[in-house]
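Enquirer: Pasting a structure here, questions to come.
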Amino acid sequence: MIATAISDAAAPAAISAAGLVKRYGSTTAVDGLDLQIPAGQFFGLLGPNGSGKTTTIHMLATLVKPTEGRVRIGDIDVSQHPVQARRQIGLVFQESALDRTLTVRENLRFAGRLYNLSPATSEQRSAQLLELFDMADRRDKPVATLSGGMRRALDIVRGVLHEPRVLFLDEPTIGLDLPNRRRIWRFIEHLRARTGMTVLLTTHYLEEAYPCDRVCFIRKGKLVDEGQPQSLVAKLGRHILEVEANDLDALRSQLEPDLGDCLVDGDIAFFRYADEDLSTLTRMQTETARLTSAWRVRRPNLNDVFMWISAGKELNS
Amino acid sequence: MIARPIYAVLEREVVRMLRQKTRLVSAMVRPLIWLFVIGTGFGTVIGESRGIPYQTFLVPGVIGMTMLFGAMLAALTTVYDKESGVMRMMIIAPLPHFWIVIAKVLSAALAAVLQALLLMILLALLGYIGAKTDFVLLAVALVFTSLACAGIGMLTASFTRTLDNFAAIMNFVIFPVFFLSGSLYPVQDLPEVLRWVATINPYTYGVDLLKHATSNAGLIATDFSRWTDIAVLVGFTLAAIAISSWRFSRETAYEPMIHVLTGKRS
């Protein structure tokens, strides 16, 4: 589709998927997805609810068998060698993968043993990781007594305890407040810098995907567009015009001939505007002043890309 | 390689068992009630049977009962695990999924053995375990009976979606397995149909082996030879592990489990 496989031809792909399909009865959750994610990349898999993101992660992480297609983690074929593949990956689910009845320390020792880590290694690594989250003093507390943010942090510590080469984060910050979300992102940033691990992220908070090296939008199980966040945003043009009006139809019939198709959300119409020079827009504002109740011009962001893709519209005009 | 993950599951089971004091206390109280209330009650009706008091006959049965309940309840927690974070941790770990089943069976059996040992200390103090006990055979009986009971529990767990119908499991699995064994009466004295059912009940052979081990030099009549008992218990345990593993691998590989674990499919 776009410049994918070529992007980093020298580095071997940490994750590669070819012709990935998952069907559940008559529904197709993932429909012919190709992915090439170079080692060390911070990759965002984005898309509306039900677009197939989680199913894709589960197939990449050996937990769901693809109906068709092939997945490789490094040079390991996931269908043929799921156990070896799981050794290379860490996975943080949308819901916590911890035993609430055990303490923080017991959970991490349990997780470490599942990866054949000696108690000493688990202990030493978890001490370091918990320190990064300021949770060193919580080690002997039962997980059930931790706050949501801390539990999520512990889940991530659990996911990276065995030092995976690839980390899957499925909506890691869902349901958390802003300070906790920031804390988690600082932690991931730190881990990436220190270990060079590949991170595949899905999220609904699109501003969190902005630091990604590359994002890929999927819709109905198909890849719609991908690239650097900045370049995807740039495809929308230089400005986004948001107009509020009571009679949107009248407004659209006036503006669409000049500005092209708009996107409607409630009583707001979103138009794309490619030029840096705003004089045309200013003229239009005066002409439609009697129809509009608000008129806002701003730079586009990933949320706009998401909205345009969710609405099934092309980014390139 | 696999020893450490299995150890992790065993350790978790023991930690949880020691933490759940009520579970441990009721595991001790239940058999003692049977021994002292039912045993005394029926003892007065029956009097001596084949030359021994009914209570003495009941001792192997209540040791078996502790193992049956202990192992069944521990193995059935797999159903809870399926909906919880623990199973998420285990299915992404680098081990073939059938090892999760084996580890759970072993941990349930371990819980049962520990509970049975605790009960036997109490029984020994009360004078119900005589010096003529064959302790080597008793150890063998504890291990294989616990494993078979864990196998029954794991089979039940692998065909059960939720524990909402725990009462049904109690009524249709645990009670029949307990009552239709030689725990309360000699199998050979049962009417033909019940004897036939008891003969296909693997737990019967566990109780029989316990009778061999604690029988005080042949006081309690046994129903089968000790080698038959061991062969049936081992054979059943292996079959139960194989069937449960097959069910479990299908569940993890072909979707239902991951959807239960994550609550959605998109």
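Enquirer: If A:His58 satisfies all but one of (1) under 14 Å from A:Leu201 (Cα atoms); (2) within 7 Å of chain B (Cβ to nearest Cβ); (3) touching a residue at least 12 places away in the same chain (Cβ under 8 Å); (4) not charged (D, E, K, R), what's the number of the condition it fails?
Expert: Status for A:His58: all satisfied but (3).
Enquirer: So, one more: Specify which of the listed residues (A:Leu201, A:Leu146) is aliphatic (A, V, I, L, M) and under 21 Å from A:Pro38 (Cα atoms).
Expert: A:Leu201
Enquirer: Let me ask something else about it. Of the residues that make up the stretch B:36-57, is at least one in a helix (DSSP H, G or I), within 19 Å of the chain's Cα centre (by Cα) and buried (at least 24 other Cβ atoms within 10 Å of the Cβ)?
Expert: Checked against the condition, which is being in a helix (DSSP H, G or I), within 19 Å of the chain's Cα centre (by Cα) and buried (at least 24 other Cβ atoms within 10 Å of the Cβ), the stretch B:36-57 yields no hits at all.
Enquirer: Here are A:Thr62, A:Thr56, A:Thr67: which of them is at pLDDT 90 or above, buried (at least 17 other Cβ atoms within 10 Å of the Cβ) and either of a type in the set (A, V, I, L, M, F, W, C) or at negative phi (or both)?
Expert: Criteria check complete, one pass: A:Thr56.
Enquirer: Has the stretch B:65-73 got at least one residue that is at pLDDT below 90 and farther than 17 Å from B:Ile169 by Cβ?
Expert: no
Enquirer: Find the strands (runs of 3 or more DSSP E) located wholly in the stretch A:159-264 whose residues include 2 or more that are buried (at least 20 other Cβ atoms within 10 Å of the Cβ), within 12 Å of the chain's Cα centre (by Cα) and not aliphatic (A, V, I, L, M), and list them.
Expert: A:166-170, A:214-219
Enquirer: Report yes if some residue within the stretch B:100-112 is over 24 Å from B:Thr204 (Cα atoms), touching a residue at least 12 places away in the same chain (Cβ under 8 Å), in a loop (DSSP other than H, G, I, E, B) and within 14 Å of chain A (Cβ to nearest Cβ); otherwise report no.
Expert: no
Enquirer: Restricting attention to the stretch B:10-35, and to residues there that are without any contact (Cβ under 8 Å) to a residue 24 or more places away in the chain, farther than 15 Å from B:Thr66 by Cα and part of a helix (DSSP H, G or I), which single residue is farthest from the other protein chains (Cβ to nearest Cβ)?
Expert: For the stretch B:10-35, the residue satisfying everything is B:Lys21.
Enquirer: Here's something else I'd like to know. I'd like to check something: does the stretch B:127-137 contain any residue that is assigned to a helix (DSSP H, G or I), farther than 21 Å from B:Leu24 by Cα and not aromatic (Phe, Trp, Tyr)?
Expert: Within the stretch B:127-137, one or more residues are assigned to a helix (DSSP H, G or I), farther than 21 Å from B:Leu24 by Cα and not aromatic (Phe, Trp, Tyr).
Enquirer: Against the definition (touching a residue at least 24 places away in the same chain (Cβ under 8 Å), of a type in the set (Phe, Trp, Tyr) and either more than 28 Å from A:Ala97 (Cβ to Cβ) or within 14 Å of chain A (Cβ to nearest Cβ) (or both)), how does B:Phe42 come out, yes or no?
Expert: no
Enquirer: Follow-up. Could you pull out the residue among A:Val71, A:Val64, A:Val83, A:Val92 that is in contact with a Ser or Thr (Cβ under 9 Å, 6 or more places away or on another chain) and more than 8 Å from chain B (Cβ to nearest Cβ)?
Expert: Just one listed residue meets the conditions, A:Val71.
Enquirer: So, in the stretch A:43-52, exactly how many residues are at the interface with chain B (Cβ under 10 Å from one of its Cβ atoms) and more than 21 Å from A:Pro82 (Cβ to Cβ)?
Expert: 5
Enquirer: Restricting the first residue to the stretch A:225-251 and requiring it to be under 20 Å from A:Thr288 (Cβ atoms), which pairs with a second residue that is buried (at least 19 other Cβ atoms within 10 Å of the Cβ) and of a type in the set (D, E, K, R) meet a Cβ separation below 7 Å and a spacing of at least six or different chains?
Expert: Listed pairs, sorted by first residue: A:Gly237/A:Arg272; A:Ile240/A:Arg272; A:Ile240/A:Asp304.
Every residue, every condition in (1) in contact with a Cys (Cβ under 9 Å, 6 or more places away or on another chain); (2) crowded, with 22+ Cβ neighbours inside 10 Å; (3) of a type outside the set (Phe, Trp, Tyr); (4) under 27 Å from B:Glu48 (Cα atoms), yes or no:
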position: B:Phe144; (1), (2), (3), (4): no, yes, no, no
position: B:Cys149; (1), (2), (3), (4): no, yes, yes, no
position: B:Phe159; (1), (2), (3), (4): no, no, no, no
position: B:Asn171; (1), (2), (3), (4): no, no, yes, no
position: B:Phe175; (1), (2), (3), (4): no, no, no, yes
position: B:Gly182; (1), (2), (3), (4): no, yes, yes, yes
position: B:Val193; (1), (2), (3), (4): no, no, yes, yes
position: B:Gly206; (1), (2), (3), (4): yes, yes, yes, yes
position: B:Arg226; (1), (2), (3), (4): no, no, yes, yes
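Enquirer: Looking at the stretch B:4-20, is at least one residue over 18 Å from B:Leu142 (Cα atoms), touching a strand residue (DSSP E or B) at 6+ places or on another chain (Cβ under 9 Å) and not aliphatic (A, V, I, L, M)?
Expert: no
Enquirer: Output the number of the condition that A:Arg290 fails; it satisfies all remaining conditions of (1) among the basic types (Lys, Arg); (2) farther than 30 Å from A:Arg125 by Cα; (3) in contact with a Ser or Thr (Cβ under 7 Å, 6 or more places away or on another chain).
Expert: Only one criterion is unmet by A:Arg290, namely (3).
Enquirer: Scanning for something assigned to a helix (DSSP H, G or I) and more than 23 Å from B:Pro176 (Cβ to Cβ), does the stretch B:194-210 turn up at least one residue?
Expert: There is no residue in the stretch B:194-210 that is assigned to a helix (DSSP H, G or I) and more than 23 Å from B:Pro176 (Cβ to Cβ).
Enquirer: Same structure again: How about the stretch B:44-64: which of its residues are touching a Phe, Trp or Tyr at 6+ places or on another chain (Cβ under 6 Å) and at pLDDT 85 or above?
Expert: Listed by number, the residues that qualify are B:Tyr54, B:Val59, B:Val62.
Enquirer: For the list (1) in contact with a Leu (Cβ under 8 Å, 6 or more places away or on another chain); (2) buried (at least 20 other Cβ atoms within 10 Å of the Cβ); (3) within 13 Å of another protein chain (Cβ to nearest Cβ), I need the number of the one condition that A:Asp99 fails.
Expert: Of the numbered conditions (1) in contact with a Leu (Cβ under 8 Å, 6 or more places away or on another chain); (2) buried (at least 20 other Cβ atoms within 10 Å of the Cβ); (3) within 13 Å of another protein chain (Cβ to nearest Cβ), the odd one out for A:Asp99 is (1).
The values are calculated or read from the model by the stated rules, or taken from the named source; none is laboratory data. Here the structure is a predicted model, which is why all the values come from computation and not from measurement. Backbone-built Cβ (ideal geometry, glycine too); neighbour counts: all protein chains shown.
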